[in-house]
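A.B. asks: Shown below is the structure under consideration.
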Amino acid sequence: MNATDYHGHGHGETPSGTGESLITLTDVAFRYGPAPVLTDVELTVRRGNFTGVVGPSGSGKTTLLRLLLGTLRPVAGTIDRSPGLRVGYVPQLESVDWNFPVTVAECVLMSRSERRVPWPSRRERAELSAILERLGIGDLANRHIRALSGGQQQRMFIARALMCSPDLLLMDEPTTGVDFTSRHEMLHLLGDLNAAGTTILLTTHDLNGVAAHLPSLLALNHTVIAAGGPAEVITASVLERTFGAPMEVLQHLGLPVVLDPGPHLAPVRARRTG
Ligand code: ADP
Ligand code: MG
């Protein structure tokens, strides 16, 4: 999570990793119905990358994750996966049914891909404990998933994704519904996982709190608008093309800061223009 040690790369080339390609998308297009959702997507996810995908709601971020995961197939173009690649997926919290009556341990163990027996082996139990400890939720193993805070829920889903020792961790909005402290801890946790060798690609709509702190970004609006480090992607020009609205960007302590033209700023904007 060093915002400075990246290099600018070309279109769709995520810059933080120099390792081999784990997944390469060439000229990928996707649609659910008649309207195209993704077109001409060129993207290489390399071993070691820690990349954030930013873009407005409906821009195709979740769809891109599903293509990378392999649960959706492109209608055009090709997706090349390195053979034997293990991919872990952390879903967006809103897409989860929290009334499902399971404990943290049960939920995490459900991810076991080859589940020949309904109960975990001694090795799996040991692995479960180690992963829960590592994520700081070791004491929550027997807690019902409904009784967790947003940050704890996210950790549980990360634990679940880590049970298959993924090469690549895909996370959909991992900091949404998570308070400031948890968000901060989450970024550190993900930075540590990345430093220990896990390639990470996440989506986020939080430009200042998350994206600006990641080594590599991809701006998406139905296609790749820009890729590079925060200084290259969090710019007024890229953000306007990505979000379709003008946004101001300042530099603060070496990080780009986006002045969000949210509703609470409306009077200020009115004064400026009037
Ligand atoms: P994001 O994650 O950036 O908000 P999505 O990938 O979820 O964007 O959605 C991109 C577009 O595809 C949106 O217009 C959305 O309504 C549409 N879409 C997403 N999932 C489906 C689906 N299962 N069936 C039909 N349309 C969908
Ligand atoms: Mg989404």
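The values are calculated or read from the model by the stated rules, or taken from the named source; none is laboratory data. Every value quoted in this text rests on a predicted model; they were computed, and no experiment measured them. Cβ placement follows ideal geometry from the backbone for every residue including glycine, while neighbour counts extend to all protein chains displayed.
A.B. asks: I need a count of the residues in region 41-61 that are surrounded by fewer than 20 Cβ atoms within 10 Å (Cβ to Cβ) and touching a Pro at 6+ places or on another chain (Cβ under 9 Å).
C.D. replies: 0
A.B. asks: One residue is enough: does region 33-50 have a residue meeting the conditions under 20 Å from C164 (Cβ atoms) and without any contact (Cβ under 8 Å) to a residue 24 or more places away in the chain?
C.D. replies: No, region 33-50 has no match at all.
A.B. asks: Just to be sure I understand the filter: pairs with C-beta atoms under 7 Å, separated by 6 or more residues or on different chains, first member in region 54-82 and more than 23 Å from T175 (Cα to Cα), second member within 7 Å of ligand 1 (Cβ to nearest atom). Which pairs pass?
C.D. replies: Every condition considered, the pairs that remain are L72/T63.
A.B. asks: If you check S182 against the conditions, is it modelled with pLDDT under 90 and touching a Gly at 6+ places or on another chain (Cβ under 7 Å)?
C.D. replies: yes
A.B. asks: Working only within region 179-210, note down all residues that are more than 16 Å from ligand 2 (Cβ to nearest atom), among the β-branched types (V, I, T) and either under 15 Å from the mean Cα position of the chain (by Cα) or surrounded by 16 or more Cβ atoms within 10 Å (Cβ to Cβ) (or both).
C.D. replies: T198, T199, I200
A.B. asks: Only strands (runs of 3 or more DSSP E) wholly contained in region 126-223 count here; list those with 1 or more residues that are closer than 28 Å to V258 by Cβ, among the charged types (D, E, K, R) and in contact (Cβ under 8 Å) with a residue 12 or more places away in the chain.
C.D. replies: In region 126-223, the matching strands (runs of 3 or more DSSP E) lie at 168-172.
A.B. asks: If we keep just the residues of region 17-38 that are of a type in the set (G, A, S) and either assigned to a strand (DSSP E or B) or at pLDDT 95 or above (or both), which is nearest to G229 (Cα to Cα)?
C.D. replies: Here the residue is S21.
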